[in-house]
Amino acid sequence: MTLSLEAAELPADAVEVGRILDAWGIKGWFKVLPHSASPEALFSSRRWWLQPADRGPQAFSGTVLLRIREAREHSGGIVASAHDIDDRGASEALKGARIFVPRTSFPTAADDEYYWVDLIGLDVFNREGEALGRVQDLLATGPQTVLVLAYEEAGQARERMIPFVSAYVDAVDLPGRRITVDWQRDY
């Protein structure tokens, strides 16, 4: 199967938001695995940039632009259709492709809501001003999200986890690249 997708340059503010799982139906639709429990960025952008799967057969190389007709929730998952992808064979060729959208196309977050991509890399301090580490990842644990901090102690790389809930998080300062928490180093 040869795809006729437009080669493109990845936007400077591109964020990986999901992967294409497999074909869905016979008319070129495909299933998408979002990287977030709230995949609004997939729904708000009508242009997705794709890069090939990390492994396995690849139907394209480099970065390509995929113009989305429709993306929607279906049976607890996400399905999408795109211009130039009109049959099952073409959608199967996209299997494993990584999906990127520009950060500027994300919907505006509500007050006290943050996109994970905006929190990664922020420095975390407690109320006493002690540095606790830098956010390297976030984990969805069901009822809450947990900040995973990287820090060094006695020359060794360590991790610290802090629940990202209002009981512990005092302030998030995105422009200042800082989070202040009610947490101690020995917790």
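Structural remarks
- Three-way shape call for the stretch 139-187 based on the alpha-carbon gyration tensor, with the a/c threshold at 1.5: oblate
- The chain: calculated mean residue ellipticity at 222 nm from DSSP helix runs of at least 4, using -39500 (n - 2.57): -1500 deg cm²/dmol
- Cβ-Cβ FRET estimate between R177 and E9, R0 fixed at 22 Å, reported to 0.05: 0.20
- Phi angles of the stretch 101-112 translate, via the Karplus equation with coefficients 6.51, -1.76, 1.60 and θ = phi - 60°, into HN-Hα couplings of 9, x, 4, 5, 8, 5, x, 5, 6, 6, 4, 6 Hz per residue; Gly and Pro are given as x.
- Each part gets one Cα centre, and for the stretch 115-187 versus the stretch 51-83 those centres are 33 Å apart.
- For the chain, the calculated P(r) over all alpha carbon pairs, in 5 Å bins from 0 to the bin holding the longest distance, is 1, 7, 15, 17, 15, 12, 11, 9, 7, 4, 2, 0, 0 percent.
- Amide proton proximity set for L132, modelled H, under 5 Å, gap of 5+: V124, F125, N126
- Pairwise FRET efficiency - L33 versus E128, Cβ, R0 = 41 Å, nearest 0.05: 0.50
- Most positive-pole-ward Cα, V101, S166, W116, against dipole of the chain from beta carbon charges: V101
- Charges were assigned to the Cβ only: +1 to each Lys and Arg, -1 to each Asp and Glu. The resulting dipole of the chain about its Cα centre is roughly 700 debye.
- Amide hydrogen neighbours beyond the local backbone of A8, cut-off 5 Å, H modeled: T63, V64, L65
- One decimal place: the segment E40-D170 gains 44.2 nm when fully extended, by the rule 0.36 nm per residue minus the C-alpha distance.
- Extension reserve of the A110-A140 stretch, reckoned as 0.36 nm per residue once the Cα distance is removed: 8.9 nm
- When only alpha carbons are used to place a centre, the stretch 85-113 and the stretch 1-43 end up 4 Å from one another.
- Gyration tensor (alpha-carbon) shape descriptor, the stretch 6-104, a/c threshold 1.5: rounded
- Cut-off 14 Å (backbone N to label point 7 Å along Cα→Cβ of I120), residues of the stretch 26-51: 35-37
- Theoretical gain in end-to-end length, D54 to V148 [0.36 nm per residue, Cα-Cα removed]: 31.3 nm
- Of all DSSP beta bridges in the chain, antiparallel share, percent nearest 5: 90
- Close amide H contacts of D137 (hydrogens built in the peptide plane, cut-off under 5 Å, sequence separation of 5 or more or a different chain): V148.
- Given charges at beta-carbon only (K, R positive; D, E negative), |dipole| of the stretch 99-187 in Debye: 240
- Taking every alpha-carbon pair under 8 Å whose residues sit at least 6 apart, the chain reaches a relative contact order of 20 percent.
Quick note: the coordinates plus some simple rules give every number you see, no bench work behind them. Only a predicted model underlies this, so the values are computations on that prediction, with no experimental measurement involved. Cβ atoms come from the backbone with ideal geometry, glycine included; neighbour counts cover every protein chain shown.
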